[in-house]
Structure formats: structure tokens, C-alpha cells
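Reviewing the structure listed below.
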Amino acid sequence: MISNYGEMELKWQKRWADKGLFRAIRDEKKPKFMVIFAYPGVTGYLHVGHMRGFSYADAIGRYKRMTGYNVLFPVGTHATGNGSISLAAKIEKGNEDMIDYLKRNGCPEEKIKDLTKPMNVVDFFNDVYVNEYWKRFGFLADWRRFTCTLYPDYAKFIQWQFRKLKENGLLIQKPYYAPSCIVHGPVAVDASETDISKGGNAETQEYVLLKFKHGDEYLVAATLRPETIYGQVCFWVNPDVEYVRMTYNGEKWIVSPQAFEKLQYQKDGVEKTGVIAGKDMIGWMCTAPALHKEIPVFPATFCDPNVGTGLVTSCPSDAPDDWISLEEVKKNPELKEKYGLSQELIDSVVPISIIEIKGYGEFPAQSIIQSMGIERPGDSKLVDAKKQVYKDGYHMGKMKANCDLIAGMRVEEAKDRMKEIMVAAREADIFYDLTEEVICRCGSKVLIKRIDDQWFINYADKDLTERTKEHCKSMHIEPTEYYNNVQGVLDWFRERACARLGNWLGTKFPYDEKWIIEAISDSTLYPIYYLISLYANEGRIKPDQMVPEFFDYAFLGEGDVEAVSKTTGIDVPTLKEIRDDVKYWYPLDLNLGGKEHMTVHFPAFLFNHTGILPQNMWPRGIMVNWYVTGKKKINTANNKLEGTKISKSKGGAQPIPGAVEKLGVDPMRLFYAHAASPFADVEWDEENVFSYKQRVEKILSFMDELMAMKDGKKSDVDDWLLSRMNTHIAEIEEAMDSFDIRQLASTVYFEMFNDFKWYVRRGGNDPETIRKAARLWIMTMMPITPHIAEEMWEGFGFEGMVAEAQLPEVDHTSRSSVTEYGEDFIRDVMADIQEIIKVTGMEPKRIVLYTPSEWKLQVYRKALALHKEGKLDIPTLTKNCMADETLRTKGKAVSDLARKVAQDYMRLSVDKLESVLGIDETEHLSAAAKFMSDEIGYPVEVYNADDEGRYDPNGKAKVAVPSKPGIYIE
RNA sequence: GCCGAAGUUGCCAAGCCUGGUCAAAGGCGACAGACUCAAGAUCUGUUCUCGUAGGAGUUCACCGGUUCGAAUCCGGUCUUCGGCACCA
């Protein structure tokens, strides 16, 4: 027994390290297997969930290692971006939450004060990931090759990669509208709020700016629904807002001050020329674009100067806000008075029905207002009403005949068409805005900014896409759903902005150093870099030497080695060695990553390989793993059991070191492997992990028992056990062809264990068989629970370490389905006996089994013979039996049995029938009678039905058929 | 909304591609028994319903279809989850 798991684990980790097992060294005589997991971002401590995918990679690597492959399993980290900048900034400011978080995860106090510099943060966590997570989990990764995206040598690689993209025509520049801090430049707006302090749910929306002419000025309204232009009847201005007069493109515009600020970031030559009070515009007449009709300007307080341009065109038929505000204007005499609007003018404004939506009346806005019971402007339900009617309109609506250029179109297409028409006629313009306020980490506003010379990787390139899609068909991608889906993902992938301006960590863009290469784009081709990082880490090559010619030679085999040596200053043998490594190890055999990578990293990873490297270096496999979710809780809202996301940033996640100490590495690895299919989320449940720990301990103590069996002898079950073991190994091989780690776990920790237990229960105790079988068993445990496997391996005194052992080929000669069936047969018979005892509630004095008469066996044998020829059916078998003199004398009994046999076995394998006939049941059951008596607790006797002297008061012998002996209990 | 995935017996979770050996693996929990001074220990059995003879009945979200036969194939419905881009 193991008294201290931690010590035991560390002991073996040290031995593996001392022996240098982690090192992957090129060996041309052996086939290679290169596996990575998508390296994690350095954003702080990881939690137990992250170890799931990482552990798969190690288990697969170990399995491959055991089955004859030379395995390269390198690791690294991804630190590009601003995660560590913001972490460092928080420490600097003494942010208590952050300091608390670090402490809670076991960061030593004295370390914390060092973490005020971003690079220190990166170095610190690199150390944590490697030592506290990966090494602690017993990974056999080639630590010498560790790399990080912020290392100077890595930067050289990325610069080369971008040069290649450019040379291959895959880098393009074009304008781009990106959320951008007014101080720091582009930021990422997403739910994790890595870059920002507020507004993670904001989305960028494209508005159409509609220009309403008034004199020589334009009132500019922003709309998401250009197709409603034909329904416009008036224009809304907020009387309480002071608007800005500005010039743009030789035109005079009026917009809200906020909109003016935003426009400055999106349009050139925008200038403020004055201001105008909203209330001064009330009562104006302006000309609507496209419609070319005069409409009046009315007051509306719902016009928010922060949204769009703060000016709104009114289409009451389809906009609930407009409808209700128009009603208000009509009903409210004060407004009339205040703004001097004539009754005549007001009366002239009537909604125009323009869109037909199933389930709505003539005026959709009116319908929804009535059904939701909204009565006045400002009602909070208006937000939902708007959403609903917009949504239904968009998907189900159809433009009515009065809509001129877009009449009869579905709203979906009318929208784009109308936009194009008006923009082309210079009656409209485009404008981008965020759906909610976004504030940068620095406290400044985030607005949408036009970037003219934004660099993109052109993933939309047709040729590249086709090539990549085609290649994916030949790849091994798990799960199958993703294999199918990736085709669509690759199609959907568009140009991707690949560089950023501002304060980011990362590699400088080689063609223009003001740009920093963006986080996704610098982590696509990197698996190949692990072949170089080894040399860089060992100081054999310096970043300065890693000029383009170096990579051209190393990766592409271009250039003359002597010349490259001269250019780079790297000696020829080293260059050749590197080139040989690349040729040997690449392509990557398996890239394993969480499901979040399916639409981002994996496609980019594929595209960069197919875009830069020759075809024989394109990746061979991808495996996607699902998550470990938080403990499920009852959601009181809907009374359902729901998992909660384990989140790095939000806390509440189980830190890894604590879990390791409490539960042990092997139980955790087993939990990851077995708790669910890799392609399903699994709940983190300590109780569950604990039960895996118990299973591991059970196996350990069971092994102790086996080791103690020194003087047993051979029996029938020995053959059975060895047959079972080989059958299981064949199963494992098949499962692991598709990296089915769960099946491996299931076979090894459950099925094999059960077989061993049965072996012992049946009296098996032969030391030679035990050693032989245990040897196989322990080896198959090595991928998932390597530490205890070593412990047992050593206990049995097997040579070397199991981590370097080779799993033998399946020994087909020792496999026998007849032998295996023999034990199933015993179990079935026992189950039948138990069933009878249970149902009758008897306290048996005597249990008698009857094996079937010879004539029945004859029928079965005939069935088998026919089955082998594929001719087993009822009439054929019956005829066949009746052709036999002795059988014919039995008459109906034979034909009845023949029918039953044919029916039962027609659709089953020949193998099954062969097994049933393969054993002599009388002999087999007699031999097992003692065992069964002991197990059941009552005496068991066995007779053959043809035995004249049998004890058979109930005539049970005659119901006996092969595989189903008659049973009599009294 | 679009795209994708899923709904299995108290819970977790296999099976579904390749229909029959599926009342449906395994684990957990529960129950009974064994062993114990004791143990979140271990072992054995049971765990949809009915049943004094190894059987029968009703199940794999719901409705319908294909088939001799469907948890598995097809169509539809409902529900849940994920992705929807500059975010690792």
C-alpha cells in the first residue's frame, strides 16, 4: 500500500526525469509521433478543468510511446496580448481582489511584489504551468523545447511566418472599423473583458446614416433599418439636446455631440462649425432620402444623443417608439403650443404601412404595442417590443407594393439593397457604433475607429480555402462532428485582422514595426517552432542568427546550406541537424485543444500550414476536447440541474495544487479519462474523483494480493484470463486508433479488473499466468495512471520502468472465443439459478443441472454447418435434420428445436454458435459444480439428459438445450 | 435568427455511425448480506413493473414513418447547450 501519494508521485517523476524519458530524440529507425496541446494563454492560474485536455495529450503520447513510436510532446505558453500587462498594472495599483486571488492560489507573498512588470508575470506563470501543473501531473513532455510567444527567438519565427504570408500573397491591407481605446488603440471587446473595464457584451453595429435635407444642411439620422425608408412620415429631434453643426465631405451635417466625436474617428475632414439647440429644429421640414418627400421635424425625448446620431427618422408603422411618440404628439396640446406646430401639420402625418409580417396587423408597431399593453413613451417594455418586432420583421417580413425599389422583397434582402442604393446615390453613409458604452482598462472611452492600413491575413482566399478543405478530408479529426463541421468553418473564415496598434505584448510586424502581431495570428504555425526552440533554448543558435534564410532552410529546405551558414553564422552541422529534425518530426500528428478552438485556433492553424508549408508538412490530426464544468446546481428559476462554467477569472475554480494534494494525480487523470467521453462536458465533482481514487486503491491492493500468490497452479481459468487479456488489448488498440481514451480507461480499470477478480474467484492462482497477465495489465495502465503503474511494475519486479516498456502485439494464439464463452456460460447458469431462487423464494436443498441430450447437439451441429455456409434458415435446417435417420424418429421435437435454433442463430455470428458447441457442457459444469455450490451456498449436481440414472423428478432434463441447461431446484 | 451538438432507466454516463446477442455497460447512490473493535474500507447480491421456475410486460424527450425487427435509420415537434469573429 502507498502511504504517501505525493511522495510516490514525485519519486517516479524524478526517476523518469533522471532517465531522460521526456527527451524526444530523432531516431530514423523508429516511426515518430508528434503531439501537442494548444498552448494555454498566460492569464493567471489555471484550474482543474484545464488539466483535462492536457492529460489527454500526455496519455496519448504515452500510449504511442508504448506501441513503438518515438514520441515528441512539447509544451509552451501563449502570452501575447495584454493579460499580463493588466495583471501587472493591478498589482502595481495594489488591487486587493487580484492580490487575494494570487494568494488564494498559493502565490508566495514575496513573489507578489515582483509581479508589477508584465514580463515578470509571464515568467512567473510559465514556471507555475510547467512545474506545478504539467510536471506535477507526470507529463512526459520534452521540457527542453518549452517556448513562449514572448521569447525573442519566437518573435523571429513569427516575423518569418508573416514574411512568408506576404510572399504568398496572403497578407492584405484595407480599412477596418475596430473598437479602439482613444488612448491605447484597438482593444478586444468580449465577455472576458481582458482589455476593457466595462462593456464586454457590447457589439459593433453598422448603422446607415440617412441624410435629410433642410436648406443647405442635412439632419443625419442613424438607422439599423434602411428598408423602412418608405414608411417615414416625420423626423425626431430631442428638444433638450444641443446638437452639433459640422462639415464633412463638403456637406453641412447636424448630429449629436457624441456622434460628432465618434464620426471623427471614422471619417476624414470632419469639422465642427457650430451648435444648434434641438428645440430650434422642431417644426422644420426636411426632405427624406430615397423618398424625396418633405416631412416635419417633431420633438421626441427618446432620442438618446449617445445612440447613433441622436437624430431619428420616424417610421411609426414598424417602430414602436415612433408609433407611441407620434400618438403622444397628436394627443398632447402642450407640445403643439410649445413648439408652434400647426394642427394641420400634425394631422398630415399618418403612418404608412410598408411591411407585411405574418401574425401582425397593418401596422406591426401598433400591433405589438397593443398586445403588450404599452401606453406612453418611455415605457420600459418598449425595448422588448422593438426587439420582437424587428426580429419578426427581419425574418418573416416582406416589403409591400408601395416600396418602389424594394417592393416585394423579403426584409432580409431589402435591407442590404436599400443601403446600397442610397449610399451609391450619396443619400446615405455608413457609420459604426457600439451597442453599449465600453471603457478601456485605462479608463478612457472605447469607440469604433477606422483604421486605413489594417493588415489582414486573407483567409478568405479561394485557393487557400479549397486546398485546406481538401486536406482536412484526409486528416484524422475527432470527433467526427468536427471533421464534418470544419469544412463549413473554413468557408466561413474571412479575412482576419492580424496586427494591432498600441500597447501590446507580442511580435513586431516585420514590414511596419508600429504594428504588433495579434494574439491569434502568432499562434498558428507554432508547433513547428518546437523543433527550433530546442536549439534556441540550449543557446546553440541565437535570435540574431534566426534570419529569414535560416527558417527558409530549416523549414522549407531552401537555399544552400553553406551559404545559409555564412549568412546566419550557424555552423553547417547544426543547420543540417535542425533540418533533419524538421524532416523527421514534421508534420504534426495531433493537435489537441478545447472546444473553444473549433472556430478560431484550429482553422487558423490549418490555414497557416497550408498557406506556408509544403503539402507533406500539413498537419495530420486534430482532437477537440470538451470542458470540465463547475458543479451542477439546481437553477431555482426553471428547476433544472445546470452546470456552471469554471472560469479562470471569476474565481470559484478549484486550484490545481490543492486538488492534487487531496485527490492524487492518477485519480484525477483517471477521472478526466473516464468520467465522460472526451466530446462531452463533464462536471467537476470531488466525490466522483474520490471514487476514482478508491478504484485506484482497490487495484493497488488487489495487485498486492496477486503478487503474494507464489505457489498456485494452473487450471482452466488460466487460459481464460490470458485470452481475455489479449482480447482486451485488441479492443484497446482499436479504440486508440481514434484516440478513444475513455474506452481505454473503461477496458483497463473496469473490464480487466473484473476479469482478474473473476479469475481469482474461480480459484485461479498460478504465479506464471498472473505475472504474464499483470504485466499486460500494468502496461495498459501506464498512459492514464503512470505513477501507480510504475509502483506495481516495480512490485512485480519487472525490468526497467513501465514508462519505457513496449506493449506486445496481441497474441492471437492465446485468444479463444470458446474459452471465453465457457466462463460466460457459468455466469449465465448461476444467474439463472439465482433468478429461480429469488422468484420462488425457496430455500434450496438440492440444485440439479441437466445438460442436453445428444440428439439436440446433433441439431445444433447441423445448424452450425449450415451457418458456416450461410444457409441457416428454418426449412433448410429442418430438412437437414429429417434427412438423418435417428433424428427423424424424434419427429416433432426435432422440427420444433430446429425452428428455434434457426431462428435464434440465423442473425448471430457463426462464432457464437461455434462457442456454444465448443465446450462439453457436462464436463464443464461438473468441473465448476463445486465452485457454483460455494458461490450459491447450496449443493449443485450435474447430469446429462441422456443419463438413465439421473435424478429428475420434474422432467427438467428435457428442456435443456445447449447454452441453457435444465435446472431443477428442491 | 443562422450554424452545430445534445435529450438514455434515482444521479452521472456508455450504446446510436455499422438495426437483432439491449431492460440497455460502467460508476455513484440506495437496499440486503458477509467480514469487522472500527473505517467515506473491502467483498457478494439486488436496484423499471409484475411474477412461488429461469418468464412476461412497459421503457431510451415527444409524434409519425421505414423494417420481419428501432435506443439505434428517416421526417416532424418540443426542450437544453455551444459558436456566431479579432476573443484564448
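In this calculation the C-beta distance from A:D946 to A:D711 is compared with R0 = 41 Å, giving a FRET efficiency of 0.50.
Label zone of A:K272 (point 7 Å out along Cα→Cβ, amide N under 11 Å): in region A:216-244 this covers A:243-244.
If the segment from A:N332 to A:K11 were pulled out straight at 0.36 nm per residue, it would be longer than the present Cα-Cα gap by 107.1 nm.
Applying the Karplus relation 6.51 cos²θ - 1.76 cosθ + 1.60 with θ = phi - 60° to region A:234-242 yields 3J(HN,Hα) values of 7, 10, 9, 10, 7, x, 8, 9, 8 Hz, where x marks Gly and Pro. A simple spin-label model places pseudo-atoms 7 Å from Cα toward Cβ; at A:N95 and A:T116 they are separated by 1.6 nm.
If I fit a long axis through the Cα atoms of helix A:921-936 and take the longest principal axis of the Cα atoms of chain A, what angle between them do I get, 0 to 90°, rounded to 10? Its long axis makes an angle of about 70 degrees. In a DSSP loop and with at most 15 other Cβ atoms within 10 Å, the trypsin sites (Lys or Arg not before Pro) in region A:866-940 are A:K871, A:R907. Per-residue SASA remark: A:H476, around 60 Å² accessible (1.4 Å probe; ligands, DNA and RNA not included). Taking amide H atoms as placed 1.01 Å from N in the peptide plane, the amide H of A:R500 lies under 5 Å from those of A:I516, A:I517, A:E518, each 5 or more residues away in sequence or on another chain. Summary value for chain A: 13 percent relative contact order, contacts being C-alpha pairs under 8 angstrom separated by 6+ residues.
Phi-derived couplings, Karplus 6.51 cos²θ - 1.76 cosθ + 1.60 at θ = phi - 60°, listed residue by residue for region A:470-481: 4, 4, 4, 4, 8, 8, 9, 10, 10, x, 3, 4 Hz, with x used for Gly and Pro.
Annotation for region A:491-541 versus region A:56-105: alpha-carbon center distance of 18 Å. Computed from Cα positions, the angle between helix A:686-708 and the longest principal axis of chain A comes to roughly 30 degrees. Placing unit charges on each Cβ (+1 for Lys and Arg, -1 for Asp and Glu) gives chain A a dipole about its Cα centre, and among A:I784, A:W585, A:N880 the Cα reaching farthest toward its positive end belongs to A:N880.
Here the label points at A:E109 and A:F798, each 7 Å from Cα along the C-beta direction, are separated by 4.9 nm in the simple model. Helices in chain A, meaning DSSP H runs of at least 4 residues, each add -39500 (n - 2.57). Divided by all residues, the mean residue ellipticity at 222 nm is -13500 deg cm²/dmol. Excluding ligands and nucleic acids, what accessible area in Å² is computed for A:C181 using a 1.4 Å probe, to the nearest 10? Accessible surface of A:C181 is approximately 0 Å². Identify, among A:I276, A:S325, A:Q266, the residue whose Cα sits farthest towards the positive end of the charge dipole of region A:240-341, taking +1 on the Cβ of Lys and Arg and -1 on the Cβ of Asp and Glu, with the dipole about the Cα centre. The listed residue farthest towards the positive side: A:I276.
Extending 7 Å from Cα along the Cβ direction at A:E885 and again at A:E935 yields two label points whose distance is 4.3 nm. A Förster radius of 51 Å combined with the Cβ-Cβ distance from A:R245 to A:R410 puts the calculated FRET efficiency at roughly 0.85. Treating r as the C-beta distance of A:R144 and A:K583 and R0 as 22 Å, the FRET efficiency rounds to 0.65. The lysines whose alpha-carbon is closer than 24 Å to the alpha-carbon of A:K662, local same-chain residues fewer than 8 away aside, are A:K11, A:K14, A:K103, A:K135, A:K631, A:K632, A:K633, A:K645, A:K648, A:K650, A:K693, A:K698. The Cα center of region A:713-733 and the Cα center of region A:1-48 differ in position by 31 Å. In region A:370-464, taking the dipole from charged Cβ atoms about the Cα centre, the farthest positive-side position among A:Y432, A:I406, A:A385 is held by A:A385. Using a probe of 1.4 angstrom and keeping all protein chains present, the accessible surface of chain A works out to 43 square angstrom per residue. In order along region A:397-402, phi translates into HN-Hα couplings of x, 9, 6, 7, 5, 7 Hz, rounded to whole numbers, per the Karplus curve 6.51 cos²θ - 1.76 cosθ + 1.60 with θ = phi - 60° and x for Gly and Pro.
Using a probe radius of 1.4 angstrom, the carbon and sulfur fraction of the accessible surface of region A:132-270 is 44%. Taking all protein chains in place and a 1.4 Å probe, what share, in percent, of the accessible surface of region A:288-333 do carbon and sulfur account for? Carbon and sulfur: 55 percent of the exposed surface of region A:288-333.
Principal-axis analysis of the Cα atoms of chain A puts helix A:118-127 at an angle of about 10° to the longest axis. Surface composition of region A:785-871: carbon and sulfur atoms hold 51% of the protein heavy-atom accessible area at a 1.4 Å probe. Rg/Rh for region A:1-45 (Cα atoms only, Rh after Kirkwood) is 1.13. Loop-located GluC sites (Glu not before Pro) across region A:412-444 with a Cβ neighbour count of 16 or fewer within 10 Å are A:E436, A:E437, with loop assigned by DSSP.
The values are calculated or read from the model by the stated rules, or taken from the named source; none is laboratory data. All values derive from a computational prediction rather than experimental measurement. Neighbour counts run over all protein chains shown; Cβ positions are idealised from the backbone, glycine included. For accessibility, only protein heavy atoms count, side chains too; no ligands or nucleic acids. Shrake-Rupley method; radii C 1.70, N 1.55, O 1.52, S 1.80 Å.
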